[in-house]
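Here's the structure we're looking at; comments come further down.
Every read-out reported here was derived from the displayed coordinates using simple, explicitly stated rules and does not represent laboratory data. These numbers come from a predicted model, not from an experiment. FYI the Cβ positions are ideal-geometry reconstructions off the backbone, even for glycines, and counts take in every protein chain you see.
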Amino acid sequence: MGGSASDEQVQAARARYAPAPSAHPTSSVRREDFEPPPEVGGSRVRRRVLILGAVVIVAVAAITLVPGLASLRTRFAHGDAWWLALGAALKLLSGFSYVAVFRGVFCPRMRWRTSAEIGLAELGANAVIPVGGAGGLALGAWALQRGGMDGAKIARRSVAFFLLTSLPNVLGVIIIGLGLAVGAFPGHAGLALTLLPALIAAAAIVVTITGGRLAAAAEQRLAARRGRSSRAAKILRALSDGVVEALSLLREGNPWLLIGLVGYLVFDVMVLWATFHAFGSAPTLAIVWIGYLIGELGGLIPLPGGLGGVELGLVGMLVLYHVPVGAATAAVLGYRAIALVVPAAVGVVAFAMLRRSVARETLAISCCEPGGEVEVIGRGTVRITV
């Protein structure tokens, strides 16, 4: 986290962070209250990157050498770079929308720059580590703990975050599925691929809300027998409180949160739309949407970056919706390349910036005399006591 500070830097920091009267109340903290950001799984990440690289090499070799994939090679050879660049820009906008959701759920008073550094670093970790990204979650938890948020609140806000980011997908299946079923949107598919997914998605919302209430009742019964400190009781409490928290955040109507939720999904779907145009003819937008929304469930398979599961899910669903397999495969592979490369590249830069910010903060804290004030990631301006 950077080298040692020079004498000039130390003297400047001491002068800057000496005690001074403040017109605004600030919280008081100790130097040892602040931990550096976690490493994003060093050896684990390297292992995942090696696996990803090996899979990519095999995929490229197969596309290049297998005789039956000549049409796919032709599509890639004639791909439109402008459409691919648009896809990369859309993925970047999706990432910034994620930052808005992260900030709206966890830390609405955190500076936008800090929120962007943490949120984009999370996305970078999640692009490599499967199923939501343990490295990304560790970064978020670190920032929240520094902000003074207790573990129980972090747990329920994490549940709320997952539910809120899933909600646009579920609503999308309902809207697009019903629209295709009644002919409001262009595209051809039977009721089993339009009305049925819409009904299942609607049922999922009911089950989630009901499940939150059932979890609360189960937690009370379990707490009466084993105490509220038991692990199972804490999990049930986090689930039930997370559902309540998600509904409460929606009722608050924070515009940045709502914009972020919509943008995070919409921009990502449009990346797939852009890659369809890059590698040939595109199906109707409604078909792209419904294929994406259902096919992305393949990402729940615990593979590095969801590699393999997402591709099979997306291509399989699009083919079921009568998209030619060659066009679907080319578009999905292009989409997945953008979905992995852009967050990983931006995440590396964001994490480097975050660590540099922490290095500056560490210097300020170490040089600050008791009673002095410094700006701390996750808390804002604080007064150092000892």
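Data for the structure
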| read-out | value |
| --- | --- |
| Ranking of V207, V319, V342 by count of other Cβ atoms within 10 Å, fewest first | V207, V319, V342 |
| Point-to-point label distance, L199-V244, nm (Cα→Cβ direction, 7 Å offset) | 3.4 |
| Proxy reagent accessibility, fewest Cβ within 10 Å first, across R221, R237, R231 | R231, R221, R237 |
| Fewest-first sequence of M353, M317 by Cβ atoms within 10 Å of each Cβ | M353, M317 |
